[in-house]
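A quick write-up on the structure given underneath.
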Amino acid sequence: QVQFVESGGGLVQPGGSLRLSCAASGIIFSAFNMAWYRQGPGKERELVATITKGGSTDYADSVKGRFTISRDNAEKTLSLQMNSLTTEDTAVYYCNARPPFWNYWGQGTQVAVSS
């Protein structure tokens with residue numbers, strides 16, 4: 001069964017950094033484009049960053065230059081390095097394929113940016 005387990009979230013002050021991780025199982029990880037998504041309070045889920053099977057990356061304008069997505073196909077893990085965090089980055093962060101496995105969202109990991 002497809003499963004994504006996110007971790008690494010927490011409370012951080014504006015300007016701080018966090019590194020999120022996602023462990024994937026039940027899929028041939030290397031065969032899929034992967035992505036990080038987030039859902040802020042009162043907002044719809046949005047795409048944050050994508051990494052293709054070949055390692056090409058793309059970012060939402062709001063995080064470009066601050067976030068870095070990476071993958072380890074051998075370990076079947078996806079990471080998101082987040083720097084220069086702002087209050088606008090407060091959200092629950094999810095990993096999934098792109099396009100996503102709509103019925104297999106994980107619990108996500110909460111990121112709260114506050115002073």
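The values are calculated or read from the model by the stated rules, or taken from the named source; none is laboratory data. Source: prediction; values computed, not measured. Here Cβ is always computed from backbone atoms with ideal geometry, including for glycine, and neighbour counts include all displayed protein chains. Ligands, DNA and RNA are excluded from the accessible area calculation, which covers all protein heavy atoms including side chains. Shrake-Rupley method; radii C 1.70, N 1.55, O 1.52, S 1.80 Å.
A few remarks follow.
- Within region 94-108, the presence of a residue that is farther than 16 Å from PHE29 by Cα, basic (Lys, Arg) and under 15 Å from the mean Cα position of the chain (by Cα) is excluded.
- Any hit, region 99-110, residues being open to solvent by 10 Å² or more (accessible area, probe 1.4 Å), in contact (Cβ under 8 Å) with a residue 24 or more places away in the chain and within 15 Å of THR57 (Cβ to Cβ): no
Residues checked against (1) in contact with a Ser or Thr (Cβ under 6 Å, 6 or more places away or on another chain); (2) part of a loop (DSSP other than H, G, I, E, B):
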{"site": "GLU6", "(1), (2)": "yes, no"}
{"site": "SER21", "(1), (2)": "yes, no"}
{"site": "ARG38", "(1), (2)": "no, no"}
{"site": "PRO41", "(1), (2)": "no, yes"}
{"site": "GLY54", "(1), (2)": "no, yes"}
{"site": "CYS95", "(1), (2)": "no, no"}
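- Flag if ASP58 is of a type outside the set (A, V, I, L, M) and under 21 Å from SER84 (Cβ atoms): yes
- Verdict on SER21 being under 19 Å from VAL2 (Cα atoms) and in contact with a Gly (Cβ under 6 Å, 6 or more places away or on another chain): yes
- Tally, over region 23-36, of residues that are in contact with a Ser or Thr (Cβ under 9 Å, 6 or more places away or on another chain) and in a strand (DSSP E or B): 5
- Among residues of region 56-92, those that are part of a loop (DSSP other than H, G, I, E, B), closer than 30 Å to SER115 by Cβ and either open to solvent by 40 Å² or more (accessible area, probe 1.4 Å) or among the small types (Gly, Ala, Ser) (or both), counted: 9
- Region 1-54, residues that are closer than 30 Å to SER115 by Cβ and touching a helix residue (DSSP H, G or I) at 6+ places or on another chain (Cβ under 7 Å): PRO14
- Among the residues of region 19-55, those identified as more than 12 Å from THR77 (Cα to Cα), in contact (Cβ under 8 Å) with a residue 24 or more places away in the chain and surrounded by fewer than 12 Cβ atoms within 10 Å (Cβ to Cβ) are PRO41, LYS43.
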